[in-house]
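**Student:** Questions regarding the structure given below will be posed in turn.
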Amino acid sequence: MADPATASLPVGAAYIRREPVPARPPPLLVSGPLAWLRRNFFASVPDTLLTILGAVILYWIIPPIVDFLLLDATWTGADREACLATPERPEVGACWPFVRDRFAYFIYGSYPIPERWRVDAFFALLAAGIFWMLWLDAPARGLGAVYFFIVLPIVSVFLLSGAPSLGLAKVDTALWGGLMVTVVVATVGIVVSLPIGIALALGRRSKMPLVRLLCVIFIEFVRGVPLITVLFMASVMLPLFVPETYSPDKLVRALVGVALFSSAYMAEVVRAGLQAIPRGQYEAATALALGYWRGMGLVILPQALRITIPNIVNSYIALFKDTTLVFVVGIFDFLRAIEVARIDPKWATPVTSTTGYAFAAIFYFVVCYAMSRYATGVERRLAAGARRGVV
Amino acid sequence: MERKSASGKPQVSLLYDRKVRSIAIQTLLCVVILFLVYAAATNAVDNLARAKIASGFGFWNNIAGFDISQTLIEYSSSASTYGQAFWVGLWNTLLVGAIGIVGATVIGFIVGIARLSRNLLVRRAASGYVEIVRNIPLLLQLLFWYNAVLKALPEMSNSLVVVGAYLNNRGLFLPKPAFGDGIGQVLIALAVGIAAAIAWRWFANRRQAATGKRPPVLLVTLVLVFGPAILAFMIMNVQVHFDLPQSGRFNIRGGLEVLPEFAALTFGLVIYTAAFIAEAVRAGISSVSRGQTEAALALGLRPRFILRLVVVPQAMRVIIPPLTNQYLNLVKNSTLAVAIGYPDLVQVFTGTVLNLTGQAVEVVAITMAVYLTISLTTSLLMNWYNARIALVER
């Protein structure tokens, strides 16, 4: 109390420390594997308890999954007999011969076997286009965009549904199925949503009240309802709105629904990018006497789209997962192919369903995870540009 | 080129006049939209007339004539109308939504905080969960829970029995608690206790501000909340008995029945949405700058108070908007019920009622109106909330 610095404080101020904190003992371990273990797993008593709890939970979850997918799994066999539990083998894991047997069906559905090279060609063209668009340093990316957004869709339509004049037999969309349908739906969503999304985003920021109003209504309406209701609308209402002779087939209706839905979400992603461009850029474009379209096309959009790439890829991930919903309106996509195959009597065993779902889950996970790693990579690369020195 | 008009403004050709152009473009757009609407409407009238489908909302009061497996309100297939079926579906949707939101919030916050833990194992396990769940389509997850997990449970005749509850592939049958007289007084005592606890908290805050000493809060709160209720329970001598499910030969009667469809849908939605909420929580907490924690440490706050008084209030500002978005997504995703047969709004109304009546336009419009109302109301509330908590800058 004799300390003159604290003597003037009010008596009730009990919360003020009046003597120094005693020095802590020096740490026993600061480096090496033991210190690492201690720092990361056993830093304190609650931390140790957490580690034990986490280890117990992981022990419950991971070994059964590994057992099912690998150790107890059946790897060879011709039909369901191979995957049934027997007295010698009471624990049966995944039934991989089922996946191998139905693999072609998962990919092509009922597409006629002699024509399946066309689907492979479509996959190859698409892969080339995706690679061209995703590789940021690729040569002639402008040409790539033309290829991806104009050439590829036209060629794919002729390739997949057939063009008798070119010697490609017609294949009804009712025969399409499996992975190719999933890829077609996702591609249509991707290819259509970007241009329409950009148009809607520009419209939403337009100075013309009517244009703005229509864009806002469309975007908010579609984003406010679930995808399933949009798909229902497309599949039951679209045929009512067009003359009977032009009634679109089932797949086209679902594609319209997916395209509308993804465009509205893409519009919001692009709008966020447009908003991030500083006002000075717009003014600079005007000062250079560029009109609206050239200013947008040459100055604003290239910058806005570049910073939005990670978000665009993220919304493509969501779109790719959402393609499974076309299942509900009776389209034969990858998931539907698995649903049909898993109840096929030839392979019906207690483990067939889980095997089919595990296969689908691994497939979707690999694709979506790869996309999200790509988005993170681009984000890091863009951030590197922003981190550069000022001088 | 340019001539000056009397007012001194440069005069340009009408073709390049901004105002004229904008009016022309908007008029054109208007005409195109009106034409499209007109064409669609006339086609629809033609097509409906050809298919002999009635139009209008008259079907609302017709007898439905189909059964619904889970009804929270009075419903019978022989006496209830399509309108009542709509309400049954809506209530089922709201039930899944409410339970799903609570569950997803709890798990999402735990996982989100675990992702920032100093413990390597906990951190890695949490991020593994988030990455796996986020990258697999929800529909696939629901089908897995329903077809591969719940349908693989034992049959009715050899149900798993745990203290009066039966679990089999037709659902979970729980004892249903029933309370005798006096439960009302117990609830009143509980309410009084909660009010007293809030008052005590307010008093404790005041006292801490005045003297720097905080009276005990946690213990007093516990006593205040539960004390009166337990006391009332004993004084009134409330009888509690459980309505036990009775196992028959082919089915189970009585008790509280949880449909497997409901369980799969709710569980799948909780697991899926929790991963997204965890991301929002992690982003929110990481957004609070390290300087804030250090400043709190410098003020001598203890770790748990740092979290409660400094970090969480600032993080909530960032967390709440994406959190609301995830709540909306959960409600919208509950429409996937249609794939596993849980009688939600879409399954009952856009599925069964649409098939029975054929009135696609009306049914889809009503369904969309419901979801739009939910979404738009929520975003209005969100905008109001954001405006209220936004940082006030100079």
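The values are calculated or read from the model by the stated rules, or taken from the named source; none is laboratory data. This structure is a prediction, so every number in the text was calculated from the model and none was measured. Methodologically, a virtual Cβ is constructed for each residue, glycine included, from the backbone with ideal geometry; neighbour enumeration extends over all protein chains shown. Accessible surface is based on the protein model in full, side chains and every heavy atom, while ligands, DNA and RNA are left aside. Shrake-Rupley method; radii C 1.70, N 1.55, O 1.52, S 1.80 Å.
**Student:** Pairs only if they're at least six apart or on different chains, beta carbon under 6 angstrom, first in region B:216-235 and aromatic (Phe, Trp, Tyr), second open to solvent by less than 90 Å² (accessible area, probe 1.4 Å) and assigned to a helix (DSSP H, G or I); list them, first residue then second.
**Tutor:** B:233/B:186
**Student:** Among the strands (runs of 3 or more DSSP E) lying completely within region B:92-198, list those that include at least 1 residues that are touching a helix residue (DSSP H, G or I) at 6+ places or on another chain (Cβ under 7 Å).
**Tutor:** On the way: elements: B:160-162, B:165-168, B:171-174, B:176-179.
Hits in region B:92-198: B:165-168, B:171-174.
**Student:** Right, something else. Any chance you could count how many residues in region B:134-163 are surrounded by fewer than 16 Cβ atoms within 10 Å (Cβ to Cβ), more than 30 Å from residue B:227 (Cβ to Cβ) and away from chain A (no Cβ under 14 Å)?
**Tutor:** Counting residues in region B:134-163 that are surrounded by fewer than 16 Cβ atoms within 10 Å (Cβ to Cβ), more than 30 Å from residue B:227 (Cβ to Cβ) and away from chain A (no Cβ under 14 Å) gives 5.
**Student:** So, in region A:76-106, exactly how many residues are more than 16 Å from residue A:360 (Cα to Cα), of a type in the set (Gly, Ala, Ser) and in a helix (DSSP H, G or I)?
**Tutor:** 1
**Student:** Which ones in region A:204-221 are assigned to a helix (DSSP H, G or I), more than 9 Å from chain B (Cβ to nearest Cβ) and surrounded by fewer than 20 Cβ atoms within 10 Å (Cβ to Cβ)? Spell out the reasoning first.
**Tutor:** So in region A:204-221, the residues assigned to a helix (DSSP H, G or I) come out as A:204, A:209-221.
Imposing the further condition that a residue be more than 9 Å from chain B (Cβ to nearest Cβ) reduces the set to A:204, A:212-213, A:215-219.
Listed by number, the residues that qualify are A:212, A:213, A:216, A:217, A:218.
**Student:** I'd like to verify a number: residues in region A:297-343 that are in contact (Cβ under 8 Å) with a residue 60 or more places away in the chain and in a loop (DSSP other than H, G, I, E, B), how many?
**Tutor:** 3
**Student:** Now a separate question. How many of the residues in region B:14-48 are in contact with a Ser or Thr (Cβ under 9 Å, 6 or more places away or on another chain) and hydrophobic (A, V, I, L, M, F, W, C)?
**Tutor:** 3
**Student:** Filter region B:115-133 down to the residues that are within 23 Å of the chain's Cα centre (by Cα) and at the interface with another protein chain (Cβ under 8 Å from one of its Cβ atoms) and list them by number.
**Tutor:** Quick first cut of region B:115-133, residues within 23 Å of the chain's Cα centre (by Cα) only: B:126, B:129-133.
Correct list: B:131, B:132.
Table: residues versus (1) over 19 Å from the mean Cα position of the chain (by Cα); (2) open to solvent by 20 Å² or more (accessible area, probe 1.4 Å); (3) more than 30 Å from residue A:54 (Cβ to Cβ).
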site: B:40; (1), (2), (3): yes, yes, yes
site: B:59; (1), (2), (3): yes, no, yes
site: B:62; (1), (2), (3): yes, yes, yes
site: B:65; (1), (2), (3): yes, yes, yes
site: B:83; (1), (2), (3): yes, no, yes
site: B:99; (1), (2), (3): no, yes, no
site: B:106; (1), (2), (3): no, yes, no
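**Student:** Ok, one more. Out of region B:164-183, which residues are touching a residue at least 60 places away in the same chain (Cβ under 8 Å) and of a type in the set (Gly, Ala, Ser)?
**Tutor:** B:164, B:165, B:171, B:178, B:180
**Student:** Could you tell me which of the residues B:59, B:35, B:66 is more than 14 Å from every other protein chain (Cβ to nearest Cβ), of a type outside the set (S, T, N, Q) and over 30 Å from residue B:256 (Cβ atoms)? Explain how you work it out, then say what you get.
**Tutor:** Values: B:35 fails: more than 14 Å from every other protein chain (Cβ to nearest Cβ); B:66 fails: over 30 Å from residue B:256 (Cβ atoms).
Unique residue meeting the criteria: B:59.
**Student:** Looking only at region B:367-377, decide whether some residue is open to solvent by 60 Å² or more (accessible area, probe 1.4 Å), within 14 Å of chain A (Cβ to nearest Cβ) and aliphatic (A, V, I, L, M).
**Tutor:** Looking only at region B:367-377, we keep the residues that are open to solvent by 60 Å² or more (accessible area, probe 1.4 Å), and these are B:373, B:376-377.
Add one more test, that the residue is within 14 Å of chain A (Cβ to nearest Cβ), and what stays is B:373, B:376-377.
From what's left, aliphatic (A, V, I, L, M): B:376.
Within region B:367-377 (the criterion being open to solvent by 60 Å² or more (accessible area, probe 1.4 Å), within 14 Å of chain A (Cβ to nearest Cβ) and aliphatic (A, V, I, L, M)), the answer is yes, since at least one residue qualifies.
**Student:** Now for a different question. In the same structural domain as residue A:342 (by TED's automatic domain parsing), on the phi > 0 side of the Ramachandran plot and either modelled with pLDDT of 90 or more or open to solvent by 40 Å² or more (accessible area, probe 1.4 Å) (or both) - does that describe any residue in region A:176-199?
**Tutor:** Yes.
**Student:** Within the group B:286, B:334, which residue is of a type in the set (S, T, N, Q), more than 13 Å from chain A (Cβ to nearest Cβ) and either closer than 20 Å to residue A:232 by Cβ or open to solvent by 50 Å² or more (accessible area, probe 1.4 Å) (or both)? Don't jump to the end; show me each part of the working.
**Tutor:** Values: B:334 fails: more than 13 Å from chain A (Cβ to nearest Cβ).
Being of a type in the set (S, T, N, Q), more than 13 Å from chain A (Cβ to nearest Cβ) and either closer than 20 Å to residue A:232 by Cβ or open to solvent by 50 Å² or more (accessible area, probe 1.4 Å) (or both) holds for just one of B:286, B:334, which is B:286.
**Student:** Out of all the residues in region A:240-254, which are open to solvent by 30 Å² or more (accessible area, probe 1.4 Å) and either assigned to a helix (DSSP H, G or I) or within 9 Å of chain B (Cβ to nearest Cβ) (or both)?
**Tutor:** First, the residues of region A:240-254 that are open to solvent by 30 Å² or more (accessible area, probe 1.4 Å): A:241-247, A:249-250, A:252-253.
Result: A:241, A:242, A:243, A:244, A:245, A:246, A:247, A:250, A:252, A:253.
**Student:** Residue B:198 - would you say it is more than 14 Å from every other protein chain (Cβ to nearest Cβ), open to solvent by 70 Å² or more (accessible area, probe 1.4 Å) and farther than 15 Å from residue B:262 by Cα? Full working, then the answer.
**Tutor:** On the way: more than 14 Å from every other protein chain (Cβ to nearest Cβ): yes; open to solvent by 70 Å² or more (accessible area, probe 1.4 Å): yes; farther than 15 Å from residue B:262 by Cα: yes.
When the stated conditions are applied, residue B:198 passes them.
**Student:** Among the listed residues B:95, B:138, B:143, B:150, which satisfies the condition of being in contact with a strand residue (DSSP E or B) (Cβ under 9 Å, 6 or more places away or on another chain) and either aromatic (Phe, Trp, Tyr) or within 18 Å of residue B:340 (Cβ to Cβ) (or both)?
**Tutor:** Answer to the selection: B:150.
**Student:** Given the criterion at negative phi and modelled with pLDDT under 85, identify the matching residue among B:40, B:51.
**Tutor:** Values: B:40 fails: modelled with pLDDT under 85.
From the options B:40, B:51, the qualifying one is B:51.
**Student:** Which of the residues that make up region A:53-104 are crowded, with 17+ Cβ neighbours inside 10 Å, of a type in the set (Val, Ile, Thr) and at pLDDT 90 or above?
**Tutor:** The answer is A:99, and nothing else.
**Student:** Filter region A:256-291 down to the residues that are among the hydroxyl-bearing types (Ser, Thr, Tyr) and surrounded by 14 or more Cβ atoms within 10 Å (Cβ to Cβ), then identify the one that is farthest from residue A:185 (Cα to Cα). First the steps, then the outcome.
**Tutor:** Initially, region A:256-291 is screened for residues among the hydroxyl-bearing types (Ser, Thr, Tyr), giving A:262-263, A:265, A:282, A:286.
Within this subset, residues satisfying the condition of being surrounded by 14 or more Cβ atoms within 10 Å (Cβ to Cβ) are A:262-263, A:265, A:282.
Values: A:262: 11, A:263: 13, A:265: 16, A:282: 36 Å.
Looking at residues that are among the hydroxyl-bearing types (Ser, Thr, Tyr) and surrounded by 14 or more Cβ atoms within 10 Å (Cβ to Cβ), I get A:282.
**Student:** Please work out which residue is nearest to the other protein chains (Cβ to nearest Cβ), limiting yourself to region A:19-49 and to residues that are assigned to a loop (DSSP other than H, G, I, E, B) and closer than 19 Å to residue B:303 by Cα. Can you show your working first?
**Tutor:** Taking region A:19-49 first, the residues assigned to a loop (DSSP other than H, G, I, E, B) are A:19-32, A:42-44.
Narrowing the set further to residues that are closer than 19 Å to residue B:303 by Cα leaves A:21, A:24, A:42-44.
Values: A:21: 10, A:24: 15, A:42: 9, A:43: 6, A:44: 9 Å.
So, considering only residues that are assigned to a loop (DSSP other than H, G, I, E, B) and closer than 19 Å to residue B:303 by Cα, the one nearest to the other protein chains (Cβ to nearest Cβ) is A:43.
**Student:** A further question on this structure: When you scan region A:315-322, do you find a residue that is hydroxyl-bearing (Ser, Thr, Tyr), open to solvent by 40 Å² or more (accessible area, probe 1.4 Å) and closer than 30 Å to residue A:258 by Cα, even just one? Step through it out loud before you land on a result.
**Tutor:** Narrowing region A:315-322 to residues hydroxyl-bearing (Ser, Thr, Tyr): A:315-316.
Those left that are additionally open to solvent by 40 Å² or more (accessible area, probe 1.4 Å): none.
Checking region A:315-322: not a single residue is hydroxyl-bearing (Ser, Thr, Tyr), open to solvent by 40 Å² or more (accessible area, probe 1.4 Å) and closer than 30 Å to residue A:258 by Cα.
**Student:** Still on this structure, I have one more. Open to solvent by 30 Å² or more (accessible area, probe 1.4 Å) and part of a loop (DSSP other than H, G, I, E, B) - does that describe any residue in region A:126-136? Write out each step before concluding.
**Tutor:** Filtering region A:126-136 down to residues open to solvent by 30 Å² or more (accessible area, probe 1.4 Å) leaves A:127-128, A:130-135.
Applying the additional criterion that residues be part of a loop (DSSP other than H, G, I, E, B) yields A:135.
Looking for residues that are open to solvent by 30 Å² or more (accessible area, probe 1.4 Å) and part of a loop (DSSP other than H, G, I, E, B), one finds at least one in region A:126-136, hence yes.
**Student:** Right, something else. Tally up the residues in region A:344-381 that are within 9 Å of chain B (Cβ to nearest Cβ), without any contact (Cβ under 8 Å) to a residue 40 or more places away in the chain and either under 13 Å from residue A:317 (Cα atoms) or in a loop (DSSP other than H, G, I, E, B) (or both), please.
**Tutor:** Summing the residues that are within 9 Å of chain B (Cβ to nearest Cβ), without any contact (Cβ under 8 Å) to a residue 40 or more places away in the chain and either under 13 Å from residue A:317 (Cα atoms) or in a loop (DSSP other than H, G, I, E, B) (or both) in region A:344-381 gives 3.
**Student:** Confirm whether residue A:294 is over 27 Å from residue A:226 (Cα atoms), in a helix (DSSP H, G or I) and open to solvent by 20 Å² or more (accessible area, probe 1.4 Å). Give the steps one after another, and end with the answer.
**Tutor:** Details: over 27 Å from residue A:226 (Cα atoms): yes; in a helix (DSSP H, G or I): yes; open to solvent by 20 Å² or more (accessible area, probe 1.4 Å): yes.
Spelling it out, residue A:294 is indeed over 27 Å from residue A:226 (Cα atoms), in a helix (DSSP H, G or I) and open to solvent by 20 Å² or more (accessible area, probe 1.4 Å).
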